[in-house]
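Presented below is the structure to which this report refers.
Quick note: the coordinates plus some simple rules give every number you see, no bench work behind them. Please read all numbers here as calculations on a predicted model, not as lab measurements. Because the Cβ atoms are built from the backbone with ideal geometry, glycine has one as well, and the counts that use them run over all protein chains shown.
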Amino acid sequence: MSTKKIRFAVVGFGHIGKRHAEMIKRNNQAELIAVADIDESQKNSVAELHGIPYYNSIEAMLRDVKGIDVLNVCTPNGLHAYHSLAALDYGAHVVCEKPMGLTKAECEQVIYKSLQASRQVFCVMQNRYSPPTAWLKSLIDQKLLGNIFLVQINCYWNRDERYYKNGTWKGNKALDGGPLFTQFSHFIDIMYWLFGDIKNIQSRFSNYTHQHNTEFSDDSGFVNFEFNSGGIGTFNYSTAVWDKNLESSITIIGEKGSVKVGGQYMDKVEYCHIKDYTMPELPPSNPPNDYGAYKGSAANHHYIIDNVVETLNGRSSATTNALEGLKVVEIIERIYTS
């Protein structure tokens, strides 16, 4: 085990990149040494907030900055694999925001390169740290619900013209990928983390309110499937909810009980009735990431940075590894093509 200070750099200094940078600064075993972003207006922000070098491209940063241990990829979805590969070529470990890529093939390239370079790829799926989600994981791992019969996941959010603004990557098919990649991959990850892979997928999609501001064929859909481990499931989603997010929930019907975790961000236990079981009091959930007119998943990024530092110093292992990141992308790909 080591107490080495881990040197980080960030590519992509939008809202989420700024959050990564702040969480790095708050960890006393981490050091932020450089930022890259194509938006030249971020240069002064980098200097004022962190007093470190700014570069207008990842290529310039990786050429000029020595000793980067970890590169945090916080760019648009369609660039994640490209920037991860560049970091691995440099010799850095990678922290990649969700999704790991927009195709299974991209993710496989990253994994192959990481094995060649003997470097780790940490995928950001911070909802795993939410207390209700961690509690669900313990229920499933201990088989307290017995055989799982049915799982229903509902994700009903608002993403309107306040989100899909002209001139941004959001809504662009090649850079965004669609709502299952950008808004709801966290919940696909939770489903996979709890229950494993799915098969016999049947999907139906519609685009009700986003024909004018996205290149996607969907803003709403429902997906039916079977779990390889047994039981059936549904994943229902929409970004066409008027004005604000409605809910993100998971209901589990099992042989020995039923539970529902709901709220806007899957952050509240709404029902728990399990044979011979008394539910413990859970720690409070962190608030969602606040983007002004809309909100996202829980603000748990400090756990990600802590996990990277602990893992690279030999005291832990990756919370979400590259194979799991690939699996989420593969499931989404299969849903969209089913």
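Would you mind ranking C96, C272 so that the residue whose beta carbon has the fewest other beta carbons within 10 Å leads the list?
Working: C96 26, C272 15.
Fewest-to-most ranking of C96, C272: C272, C96.
Would you mind checking the tilt of helix 322-337 against the longest principal axis of the Cα atoms of the chain, expressed as 0 to 90 degrees and rounded to 10?
It works out to around 60 degrees.
Given 20 °C and 1.002 mPa s, how large is the Stokes-Einstein diffusion coefficient of the range 131-297 in µm²/s, with Rh as the Kirkwood radius over Cα pairs? Walk me through the intermediate numbers first.
On the way: Rh = 16.9 Å.
My calculation gives 127 µm²/s for D.
For the chain, which span is the longest to avoid every loop-located (per DSSP) member of GluC sites (Glu not before Pro) having at most 16 other Cβ atoms inside 10 Å? Before the final figure, lay out each step's value.
Working: sites that count: E40, E161, E215, E255, E281.
In the chain, the maximal stretch lacking such sites is 41-160.
What number do you get for the chain when its Cα radius of gyration is normalised by 2.2 N^0.38 Å, N = residues? Show your work: numbers first, answer last.
Values: Rg = 19.9 Å, N = 338, 2.2 N^0.38 = 20.1 Å.
So the chain has a normalised radius of gyration of 0.99.
Got the relative contact order for the range 131-297 handy, in percent, Cα pairs under 8 Å and 6 or more residues apart?
31 percent
How far is helix 104-117 tilted off the main Cα axis of the chain, in degrees rounded to 10, range 0 to 90?
Long axis of 104-117 versus the principal axis of the chain: about 50 degrees.
For the chain, modelled as a GNM with alpha-carbon contacts under 10 angstrom, which of K137, K260, K165 fluctuates the most?
K165
Report relative contact order for the chain in percent, whole number only (criteria: Cα-Cα under 8 Å, sequence separation at least 6). Mind dumping the intermediate values first?
Values: 709 pairs, mean separation 67.0, N = 338.
Relative contact order of the chain: 20 percent.
Where does the range 60-99 land on Rg/Rh, using Cα atoms and the Kirkwood Rh? Could you put the intermediate results ahead of the total?
On the way: Rg = 9.7 Å, Rh = 10.2 Å.
Taking Rg over the Kirkwood Rh, I get 0.95.
Could you please tell me the mean projected area of the C-alpha convex hull for the range 6-125, averaged over all directions and given in square nanometres to one decimal? Spell out each step's value before the answer.
Numbers: hull surface 26.8 nm².
Seen from a random direction, the Cα hull of the range 6-125 projects 6.7 nm² on average.
What FRET efficiency comes out for N147 versus A105 if R0 is 41 angstrom and r is the Cβ-Cβ distance? Round to the nearest 0.05. Before the final figure, lay out the partial values.
Numbers: r = 35 Å, r/R0 = 0.86.
Approximately 0.70, to the nearest 0.05.
Could you check the simple spin-label distance between R162 and K137, using points 7 Å along Cα→Cβ, in nm with one decimal?
It is 3.2 nm.
On C-alpha positions alone, give me the angle between the axis of helix 301-312 and the longest principal axis of the chain, in degrees, nearest 10.
The angle comes out at about 70 degrees.
Counting DSSP beta bridges with both partners in the chain, what percentage is antiparallel, nearest 5?
Numbers: 36 of 62 bridges.
Taking every DSSP beta bridge within the chain, about 60 percent pair in antiparallel fashion.
How much length, in nm to one decimal, is gained on full extension between Y208 and W169, taken as 0.36 nm per residue of separation minus their Cα-Cα distance?
Numbers: separation 39, 0.36 × 39 = 14.04 nm, distance 2.04 nm.
Gain in length upon complete extension: 12.0 nm.
I need the calculated FRET efficiency for the pair K244 and R315, taking r as the beta carbon distance and R₀ as 45 Å, to the nearest 0.05. It would help to have the intermediate numbers written out before the result.
Values: r = 41 Å, r/R0 = 0.90.
That gives a FRET efficiency of 0.65.
Please report the spacing between the Cα centers of the range 1-80 and the range 148-186 in Å, no decimals.
25 Å
With the chain treated as a Gaussian network of Cα nodes joined by springs under 10 Å, which of G262, G231, G325 yields the largest mean-square fluctuation?
G231
For K66, list the lysines whose Cα falls under 22 Å from its own Cα; do not include residues on the same chain fewer than 8 positions away.
Qualifying lysines at Cα under 22 Å: K4, K5, K18, K25, K43, K113.
Would you grab the residues whose amide H sits under 5 Å from the one on A34? Only those 5+ places off in sequence or on another chain, please, with H modelled 1.01 Å from N.
It is V10, by chain and number.
So for the range 195-268, Kirkwood radius off the Cα pairs, Stokes-Einstein at 4 °C and 1.567 mPa s: how many µm² s⁻¹? Walk me through the intermediate numbers first.
Working: Rh = 14.3 Å.
Rounded to a whole number, D works out at 91 µm²/s.
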